[in-house]
1. Six or more apart or on different chains, Cβ under 9 Å: which pairs go from a residue in region 97-116 that's free of Cβ contacts under 8 Å to residues at least 60 places away in the same chain and assigned to a helix (DSSP H, G or I) to one that's hydroxyl-bearing (Ser, Thr, Tyr) and surrounded by 14 or more Cβ atoms within 10 Å (Cβ to Cβ)? Could you list them?
2. Just to be sure before I move on: is HIS78 modelled with pLDDT of 95 or more and within 20 Å of THR110 (Cα to Cα) in the structure I sent?
3. Is it the case that region 20-29 has a residue that's more than 20 Å from GLU111 (Cβ to Cβ), in contact (Cβ under 8 Å) with a residue 60 or more places away in the chain and surrounded by 14 or more Cβ atoms within 10 Å (Cβ to Cβ)?
4. Restricting to region 61-83, name every residue that is more than 17 Å from LEU44 (Cα to Cα) and exposed (fewer than 14 other Cβ atoms within 10 Å of the Cβ).
5. Determine which member of the set GLU34, GLU58 is among the charged types (D, E, K, R), under 18 Å from THR110 (Cα atoms) and open to solvent by 30 Å² or more (accessible area, probe 1.4 Å).
6. Could you grab me the full set of residues in region 44-74 that are aromatic (Phe, Trp, Tyr) and part of a loop (DSSP other than H, G, I, E, B)?
7. In region 84-96, how many are part of a loop (DSSP other than H, G, I, E, B) and either farther than 21 Å from VAL46 by Cα or open to solvent by 60 Å² or more (accessible area, probe 1.4 Å) (or both)?
8. If ARG17 passes every condition in (1) surrounded by fewer than 14 Cβ atoms within 10 Å (Cβ to Cβ); (2) touching a residue at least 12 places away in the same chain (Cβ under 8 Å); (3) not in a loop (DSSP other than H, G, I, E, B) but one, which one does it miss?
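The values are calculated or read from the model by the stated rules, or taken from the named source; none is laboratory data. Since the model is a prediction, treat every value here as computed from it, not as a measurement. So basically every Cβ, Gly included, is an ideal-geometry build from the backbone, and we count neighbours across all protein chains shown. To get the accessible areas, we keep the full protein, side chains included, count just its heavy atoms, and leave off ligands, DNA and RNA. Shrake-Rupley method; radii C 1.70, N 1.55, O 1.52, S 1.80 Å.
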Amino acid sequence: MRDDAGRVLNVRKRGTRMLMLPGGKPEPGEAPHETAVREFREELGVRLDPAALTLLGEFRSAAANEPGYAVVAHVYEHPYRSGAAASAEIDRLEWVDPARPRDDLAPLNTEQVFPALRSLPAE
């Protein structure tokens, strides 16, 4: 989810140091878009409209907070919704400018997702 300035909502989970996109592992039998909707609600208290999700892509990258592991992520865009608040598992919420280099972002963001977002046509 991006705000009017194009910044992307990121979270830092408790006990970690890297900011990443909200999300998580699918439940058995759950489709990727269903996982996105459920995780966003659980982590941030925001209900996404499944019909408003647009697949940005499927990306593979080094896991941010688990050295030696990789993550495969189905990343979706959704129109902005207000009211995001950190759940018990989230230590911090931050709106991140995808064009500004930082050293506290997950490799998935810096290597895959943010370049994909920057390549989209301006709205």
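1. Correct list of pairs: PRO107/SER61; THR110/SER61; GLU111/SER61; GLN112/SER61.
2. Values: modelled with pLDDT of 95 or more: yes; within 20 Å of THR110 (Cα to Cα): yes.
So HIS78 fits the description; yes.
3. No, region 20-29 contains no residue that is more than 20 Å from GLU111 (Cβ to Cβ), in contact (Cβ under 8 Å) with a residue 60 or more places away in the chain and surrounded by 14 or more Cβ atoms within 10 Å (Cβ to Cβ).
4. Kept after step one, since they are more than 17 Å from LEU44 (Cα to Cα), are these residues of region 61-83: 61-74.
Hits for region 61-83 are GLU66, PRO67, GLY68, TYR69, ALA70, VAL72.
5. Numbers: GLU34 fails: under 18 Å from THR110 (Cα atoms).
After ruling out the rest, the residue left standing is GLU58.
6. Applying the first criterion (aromatic (Phe, Trp, Tyr)) to region 44-74 yields 59, 69.
Once the filter is applied, which keeps residues that are aromatic (Phe, Trp, Tyr) and part of a loop (DSSP other than H, G, I, E, B), region 44-74 yields only TYR69.
7. First pass over region 84-96, keeping only residues part of a loop (DSSP other than H, G, I, E, B): 84-89.
Subsequent filtering for residues that are either farther than 21 Å from VAL46 by Cα or open to solvent by 60 Å² or more (accessible area, probe 1.4 Å) (or both) retains 88-89.
Residues that pass the stated criteria total 2.
8. (3)
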